[in-house]
Amino acid sequence: MKLDLKLYRGYVNEKELVVFGHLFQSWAPDKYSVDRKGIKHAYALLHKFRIEPLPNYEVHLKFQDMEVSTRTLDDGYFRFTVPYDSKIEPGWHEYEVTCNTGDIGMIEKGELLKPHPGKLAIISDIDDTFLVSHSSKFFKKIYVMLSKNINNRKIFEEVKDHYHKLSRAGREEDNSFNSFFYVSSSEWNLYDFIDEFARLHDLPKAVIKLKQIKTGLMDFIKTGRGDHDHKFVKIKDIISFYPHLEYVLLGDDSQHDPYLYERICKTFPKNIRAIYIRQTSKSPKKEIQEVLANIESMNVKTCYFRDSKLAIEHSEKIGII
């Protein structure tokens, strides 16, 4: 049996540890390179959606002095949510996951985050928030995904500057940072593309949380579409896991981010410091302005912007950075 094991960045607080990944009976999506050219890029991207998860298979987690086992779900996904109260330093820590078929033993190493003490964390959408994706234009979005490899995809100007300022906000120690989380309606199939794009453009290292993995070519056509409620659940999980933090939320107006963030503000009335929504069309959308006005009425600062320069100025004005 051919197996492949893919791990994602996890996180830990004072009481609990969360680690997650996928197990495949085929190559994992990250085995198909994101930097090929021309038709080879399209071929590699489509193959990210032609994968075979392995359900109900035992996997083992080892982190420092803790060892625990679980089994994969029907889509090959596994998640360890376990009590953990040992003291560890803030920052990134290595963990290990293994599985064994009898013939093949696999070991993969991943990372998990212990936030540095402080008051601020940042949750950002991906498509059309920092990665130019044309999410509201179906055919253009698909064309860009198939025709442009990671080196040709564009980032919005001054995003890097804004995100690094947010990462360092309120920090005096050189090695400390505010925690980042990237949450998207893209599927787990595209994890390595998103992670490599963030690295390529020197964006803050983040825990990345995506949508349920897909296993067919038709699913590629639907990528990033459909119900976005999973984003609400994932953001709610993050804030509930670190309830002592205040959050800056960043998104765009091409899909449902403003409405989603409005729900988050209503659910966590003390946790949201500011909301930033990128304007993706030539003119501001009246309905988005109305949603943001309602959010402002809940004592949350908002900024509806086209250029990140304006978002930086707003963050400076309200004293975040």
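Worth pointing out:
- Test: residue in the range 125-145 that is open to solvent by 10 Å² or more (accessible area, probe 1.4 Å), of a type in the set (A, V, I, L, M), under 26 Å from Lys40 (Cβ atoms) and not in a helix (DSSP H, G or I): yes
Let's see how each residue does on (1) farther than 22 Å from Val183 by Cα; (2) in contact with a strand residue (DSSP E or B) (Cβ under 6 Å, 6 or more places away or on another chain); (3) of a type in the set (Phe, Trp, Tyr); (4) part of a loop (DSSP other than H, G, I, E, B):
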| site | (1), (2), (3), (4) |
| --- | --- |
| Ser33 | yes, no, no, yes |
| Ala44 | yes, no, no, no |
| Asp75 | no, yes, no, yes |
| Phe78 | no, yes, yes, no |
| Thr81 | no, yes, no, no |
| Glu89 | yes, no, no, yes |
| Gly102 | yes, no, no, yes |
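- Checked against (1) in a strand (DSSP E or B); (2) farther than 23 Å from Ala274 by Cα; (3) open to solvent by less than 50 Å² (accessible area, probe 1.4 Å), Ile107 passes all but a single condition, namely (3).
- When residues of the range 54-73 are limited to those that are among the charged types (D, E, K, R) and part of a strand (DSSP E or B), the one farthest from Asn13 (Cα to Cα): Glu58
- The one condition from (1) out of contact with any helix residue (DSSP H, G or I) (no Cβ under 7 Å at 6 or more places or on another chain); (2) open to solvent by 50 Å² or more (accessible area, probe 1.4 Å); (3) in a helix (DSSP H, G or I) that His314 does not meet is (2).
- Count of residues meeting criterion [within 18 Å of Ser297 (Cβ to Cβ), assigned to a helix (DSSP H, G or I) and either open to solvent by 20 Å² or more (accessible area, probe 1.4 Å) or not hydroxyl-bearing (Ser, Thr, Tyr) (or both)] in the range 254-278: 9
- Only one of the numbered conditions (1) more than 14 Å from the chain's Cα centre (by Cα); (2) at pLDDT below 95; (3) open to solvent by 50 Å² or more (accessible area, probe 1.4 Å) is not met by Phe220, and that is (3).
- Within the range 17-40, tally of residues that are open to solvent by 10 Å² or more (accessible area, probe 1.4 Å) and of a type outside the set (S, T, N, Q): 11
- Test: residue in the range 110-125 that is over 28 Å from Phe232 (Cβ atoms) and in contact (Cβ under 8 Å) with a residue 40 or more places away in the chain: no
- Counted residues, the range 67-104 - those being open to solvent by 30 Å² or more (accessible area, probe 1.4 Å), farther than 26 Å from Asp30 by Cβ and not acidic (Asp, Glu): 4
- Within the range 232-253, considering residues that are of a type in the set (Asp, Glu) and buried (at least 20 other Cβ atoms within 10 Å of the Cβ), the one nearest to the chain's Cα centre (by Cα): Asp252
- Residues in the range 6-16 that are open to solvent by 10 Å² or more (accessible area, probe 1.4 Å) and in a strand (DSSP E or B): Lys6, Leu7, Glu16.
- Checked against the criterion of being over 20 Å from the mean Cα position of the chain (by Cα) and closer than 20 Å to Ser308 by Cα, the candidates Ala169, Ala121 yield just one match: Ala169.
The values are calculated or read from the model by the stated rules, or taken from the named source; none is laboratory data. Only a predicted model underlies this, so the values are computations on that prediction, with no experimental measurement involved. Glycine gets a Cβ as well: all are built from the backbone with ideal geometry, and neighbour counts include every protein chain shown. The area values use the complete protein model at the heavy-atom level, side chains included, leaving out ligands, DNA and RNA. Shrake-Rupley method; radii C 1.70, N 1.55, O 1.52, S 1.80 Å.
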